[in-house]
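Notes for the one structure printed next.
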């Protein structure tokens with residue numbers, strides 16, 4: 001099975017251009033760009049997000065009116081089918097400067113874990129933190145599970161594209177295993193919160209660009225390497241066989257702390 005991605009463009013969206021790669025598992029093209037550079041695609045991505053969130057009666061979590069102008073979005077990923085329809089995507093905020101900018105911490109306010117999660121964010125912000133938000137996959141998309149896995153890998157790519165060390169997101173508990181497969185690590189000892197309502201258990205999760213390869217599943221890691229090459233980004237020097245045991249600091253057991 002071929003796992004490398006097919007490069008369509010090799011530009012860096014951080015420098016005012018776009019990037020694109022194909023996920024050879026799901027068969028979808030994924031474009032990485034900004035609302036300013038690709039306003040039409042941005043509108044289609046947001047329209048799809050609004051429909052997806054509305055279907056599950058949690059549109060308020062999208063905060064559509066506040067994000068529609070694109071100014072709070074550093075870049076976004078949009079997966080398209082052969083007809084050009086946007087079938088999945090996410091948007092990225094950051095890099096953050098202050099903990100107070102991270103609105104997704106609000107559901108923990110007054111709850112257990114709030115102080116600890118704020119400290120995690122404060123410790124990481126000096127080394128760069130970006131956040132994936134408004135993540136969605138169309139309910140009727142073919143190979144939906146494979147496409148969802150590709151979108152999770154995009155969440156891992158986001159900090160690399162924006163020159164940050166860490167990626168962050170708050171995710172529903174039933175998606176946690178998918179994100180773990182792309183190298184995400186759940187924040188330790190932070191209880192889930194019922195957000196956007198009691199139907200969901202929402203958890204904070206981190207990706208560390210220096211160590212995600214240790215936690216990612218083998219296939220997902222190989223796909224991620226190919227996608228980075230397609231976007232013109234070199235894989236950091238590391239060997240997948242290198243384990244974290246015996247090394248201190250963020251690269252060890254405190255990764256999710």
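The values are calculated or read from the model by the stated rules, or taken from the named source; none is laboratory data. All of these numbers come straight from a predicted model, not from anything done at the bench. Ideal geometry is used to build each Cβ from the backbone, glycine not excepted, and the neighbour counts take in all protein chains shown.
Among the residues of the range 144-158, what is the count of those that are farther than 13 Å from residue 133 by Cα and surrounded by 22 or more Cβ atoms within 10 Å (Cβ to Cβ)? Let's see the steps before the verdict.
First pass over the range 144-158, keeping only residues farther than 13 Å from residue 133 by Cα: 144-150, 153, 157.
The next check asks that each one be surrounded by 22 or more Cβ atoms within 10 Å (Cβ to Cβ); those that pass are 147, 149-150, 153, 157.
Selection size over the range 144-158: 5.
Mind listing whichever residues of the range 177-198 are touching a strand residue (DSSP E or B) at 6+ places or on another chain (Cβ under 6 Å) and under 19 Å from residue 150 (Cβ atoms)?
Keep residues of the range 177-198 that are touching a strand residue (DSSP E or B) at 6+ places or on another chain (Cβ under 6 Å), which gives 179, 183-187, 190, 192-193, 195.
Within the range 177-198, 179, 183, 184 qualify.
Report yes if residue 29 is closer than 24 Å to residue 233 by Cα, modelled with pLDDT of 95 or more and surrounded by 14 or more Cβ atoms within 10 Å (Cβ to Cβ), otherwise no.
yes
Among the residues of the range 47-67, what is the count of those that are surrounded by 17 or more Cβ atoms within 10 Å (Cβ to Cβ) and without any contact (Cβ under 8 Å) to a residue 40 or more places away in the chain? Let's see the steps before the verdict.
If we filter the range 47-67 for residues that are surrounded by 17 or more Cβ atoms within 10 Å (Cβ to Cβ), which is where we start, we get 48-49, 52-53, 61-62, 67.
Imposing the further condition that a residue be without any contact (Cβ under 8 Å) to a residue 40 or more places away in the chain reduces the set to none.
The number of residues fulfilling the criteria is 0.
Just need a number here: residues in the range 97-118 that are touching a helix residue (DSSP H, G or I) at 6+ places or on another chain (Cβ under 8 Å) and either crowded, with 19+ Cβ neighbours inside 10 Å or under 20 Å from residue 203 (Cα atoms) (or both).
Here is the first cut: in the range 97-118, the ones touching a helix residue (DSSP H, G or I) at 6+ places or on another chain (Cβ under 8 Å) are 97-99, 102, 105, 108, 114, 117-118.
Of the ones still in play, those that are also either crowded, with 19+ Cβ neighbours inside 10 Å or under 20 Å from residue 203 (Cα atoms) (or both) are 99, 102, 105, 108, 114, 117-118.
Selection size over the range 97-118: 7.
Does residue 123 qualify as being farther than 21 Å from residue 38 by Cα and in a loop (DSSP other than H, G, I, E, B)? Don't jump to the end; show me each part of the working.
Numbers: farther than 21 Å from residue 38 by Cα: yes; in a loop (DSSP other than H, G, I, E, B): no.
Here the answer is no, as residue 123 does not meet what is asked.
Which residues, counting only those in the range 104-119, are part of a helix (DSSP H, G or I) and touching a strand residue (DSSP E or B) at 6+ places or on another chain (Cβ under 9 Å)? Write out each step before concluding.
So in the range 104-119, the residues part of a helix (DSSP H, G or I) come out as 104-108, 114-119.
104, 105, 107, 108, 117, listed by residue number.
Tell me, yes or no, whether the range 155-174 has at least one residue that is out of contact with any strand residue (DSSP E or B) (no Cβ under 9 Å at 6 or more places or on another chain) and closer than 21 Å to residue 49 by Cα.
yes
Yes/no per residue for (1) touching a helix residue (DSSP H, G or I) at 6+ places or on another chain (Cβ under 7 Å); (2) farther than 19 Å from residue 30 by Cβ; (3) at pLDDT 60 or above; (4) surrounded by fewer than 20 Cβ atoms within 10 Å (Cβ to Cβ):
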| residue | (1), (2), (3), (4) |
| --- | --- |
| 206 | yes, yes, yes, no |
| 219 | no, no, yes, yes |
| 239 | no, yes, no, yes |
| 243 | yes, yes, no, yes |
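Within the range 79-96, can one find any residue that is crowded, with 19+ Cβ neighbours inside 10 Å, under 18 Å from the mean Cα position of the chain (by Cα) and in a helix (DSSP H, G or I)? Break it down stepwise before answering.
Here is the first cut: in the range 79-96, the residues crowded, with 19+ Cβ neighbours inside 10 Å are 79-80, 86-96.
Imposing the further condition that a residue be under 18 Å from the mean Cα position of the chain (by Cα) reduces the set to 79-80, 86-96.
Applying the additional criterion that residues be in a helix (DSSP H, G or I) yields none.
No; the residues of the range 79-96 include none that is crowded, with 19+ Cβ neighbours inside 10 Å, under 18 Å from the mean Cα position of the chain (by Cα) and in a helix (DSSP H, G or I).
Tell me whether the range 66-76 contains one or more residues that are in a strand (DSSP E or B) and in contact with a helix residue (DSSP H, G or I) (Cβ under 9 Å, 6 or more places away or on another chain).
Here is the first cut: in the range 66-76, the ones in a strand (DSSP E or B) are 75-76.
Those left that are additionally in contact with a helix residue (DSSP H, G or I) (Cβ under 9 Å, 6 or more places away or on another chain): 75-76.
Checking the range 66-76: at least one residue is in a strand (DSSP E or B) and in contact with a helix residue (DSSP H, G or I) (Cβ under 9 Å, 6 or more places away or on another chain).
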